[in-house]
Every structure is written in C-alpha cells, then in structure tokens.
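For reference, the structure is listed below as structure tokens.
What follows draws every value from the coordinates through simple rules; no lab data is involved. Everything numeric in this text was worked out from a predicted model, so none of it was measured. Cβ placement follows ideal geometry from the backbone for every residue including glycine, while neighbour counts extend to all protein chains displayed.
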Amino acid sequence: DAKTTQPNSMESNEEEPVHLPCNHSTISGTDYIHWYRQLPSQGPEYVIHGLTSNVNNRMASLAIAEDRKSSTLILHRATLRDAAVYYCILRTASGNTPLVFGKGTRLSVIA
Amino acid sequence: NAGVTQTPKFQVLKTGQSMTLQCAQDMNHEYMSWYRQDPGMGLRLIHYSVGAGITDQGEVPNGYNVSRSTTEDFPLRLLSAAPSQTSVYFCASSYLGVSPGNTIYFGEGSWLTVV
C-alpha cells in the first residue's frame, strides 16, 4: 500500500489559516488523496479529496503538488472546533484495496 | 438514511468471553471495514470486505473474525476476549470506484473494555 507521512502535531492561532502537509512519494497514477479528521470521542469524518487539481469545498481546500508526491490541506480560518486529528490517506480509483490510516496530525487551535 | 450504525456503544467483557460487535449500513456500500483505536493512537485496520461473501485481513486480524453474508451487515466477532483488545472499534463503509467518489463513512464507535 502507498503510504503517507504527516507531522505528529501542529498548532495554530484561532482565525489564522492552517496548512497541514502530507507526503506521499510512492503515490501511483490512479490514487486519490483523501483527508479525514477525527474530533475527540468521535469517528473520523470526510474533509476533502482530489486526484490532480486543487479542490475546494465548504470545509477546506486541498492543494496537490504538480508531481503529486505531496499535498496540503488548507483550513482558511481555524476555529476551536477545528481542533482534531487530521488523516491523509491514499485510495485507489477502484476502491477495493485496504485503507490504512497513519497516526495523522493532531491540530491544536489556540484562542 | 441512518448511515453506519454500530452496536453496542459500550460493552464490558470478562477475559475469555466472546461477543459480536454489529455494524450495519443502509447506503448499499460494497466496501466495509473494521478498525480499532487504542488511546492516543491512530486507526488500525482489523478486517475489510469488498462485497458480500468476500472478506480479507487487515493489519491486526488476530483474535477477530468477520463475515459478510449481506451487503448491509459486517459483524466483528471477538472469539476469546483479552485485556489487549480493550479499545474503541470503528466500522466504516464506502462505495467502490470513483463515482460517487468513494468517500468513507464511519460509525460512532464501540467502546470495549475487557477485564
């Protein structure tokens, strides 16, 4: 399985933008980049995903490097409710391979 | 549309007892999986399935059995509970393929304590 590497933890001030990096140097051409986040005592929830082009939705933006070996999840204005563990994973287009999560990045937001 | 439903939410077992964690989804998802999450740790894949009648092992399958007799249900069986299986268990499901995006939906978790 293609693996991802993320920093263990990051800190941000409230209402500041946050850039969460993810390295996936062994990504294959058909792998989608997915981001999920896990709030305390909850199951993970979907944030955003993309293949090659940058993506935006109401929660965040996803910036994908041109060589696709890295990506960055962007929270435009961090709030206290964004404090969570953020996971970057790769998923094949077929979706029929096991999904392995790493340890993710624990984001702390300071008021 | 209830999404992914896990039962029970909390359970205390004695060492050596067996039990089944239930997982059901009403979205007609082909892919279903079970994860465990120990305190302060990430998610570790136990077993997964890409359709009815098809199951496969994940990273930490020992001590657990699964079956997939229907598309909707994916129960996880603990054969002989051990204290090392004290954890939070999450069930997840998704479509296969690119459309509609195969995003993963998680249940709310089952907190299991083995004493």
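When both bridge partners sit in chain A, DSSP labels roughly 85% of those beta bridges antiparallel.
Between A:ASP82, A:ASP31, A:ASP67, where does the largest GNM mean-square fluctuation fall for chain A, given springs only between Cα atoms within less than 10 Å? So, out of A:ASP82, A:ASP31, A:ASP67, the one fluctuating most is A:ASP67.
For A:LYS69, the lysines whose Cα falls under 29 Å of its own Cα, not counting residues fewer than eight places away in the same chain, are A:LYS3, A:LYS103.
Whole percent per 10 Å bin, from 0 to the bin with the longest distance: what is P(r) over all C-alpha pairs of region B:37-115? Values per bin, smallest distances first: 16, 49, 29, 6, 0. Taking every alpha-carbon pair in chain A and binning the separations at 10 Å intervals from zero gives 15, 50, 30, 5, 0 percent. Counting beta carbons within 10 Å around each of A:SER28, A:SER70 and listing the fewest first gives the order A:SER28, A:SER70.
Rounded to the nearest 20, the size of the Cβ-charge dipole of the protein assembly as shown about its Cα centre is 360 debye, with Lys and Arg at +1 and Asp and Glu at -1. In plain terms, the residue of B:TYR35, A:TYR36, B:TYR105 with the fewest other Cβ atoms within 10 Å comes first and the most crowded comes last, giving B:TYR105, A:TYR36, B:TYR35.
Within the listed set B:LEU43, B:LEU21, B:LEU78, the residue fluctuating most in the Gaussian network model of chain B (springs between alpha-carbon atoms under 10 angstrom) is B:LEU43. Shape summary: the protein assembly as shown maps onto an equivalent ellipsoid whose semi-axes, from the alpha-carbon gyration tensor, are 30, 21, 15 Å in decreasing order. Under 19 Å Cα-Cα from B:LYS14, which aspartates and glutamates qualify once same-chain neighbours fewer than 8 residues away are excluded? Answer for B:LYS14, where 19 Å is the Cα cut-off: B:ASP38, listed by chain and number. Normalising by residue count, region B:1-83 has a Cα convex hull of 99 Å³ per residue.
Most simply put, the protein assembly as shown has about 85% antiparallel DSSP beta bridges, counting only bridges with both residues inside it.
Net charge of the neighbourhood of A:THR5, taken over other residues with C-beta under 13 Å away and scored Lys/Arg +1, Asp/Glu -1, is +3. Applying a 4.7 Å Cβ-Cβ cutoff to the protein assembly as shown, no cysteine is left without a disulfide-compatible partner.
Given the options A:VAL100, A:VAL18, A:VAL47, state which has the largest fluctuation in a GNM of chain A using a 10 Å cut-off (strictly under) for Cα springs. Result for chain A, Cα springs under 10 Å: A:VAL100 fluctuates most.
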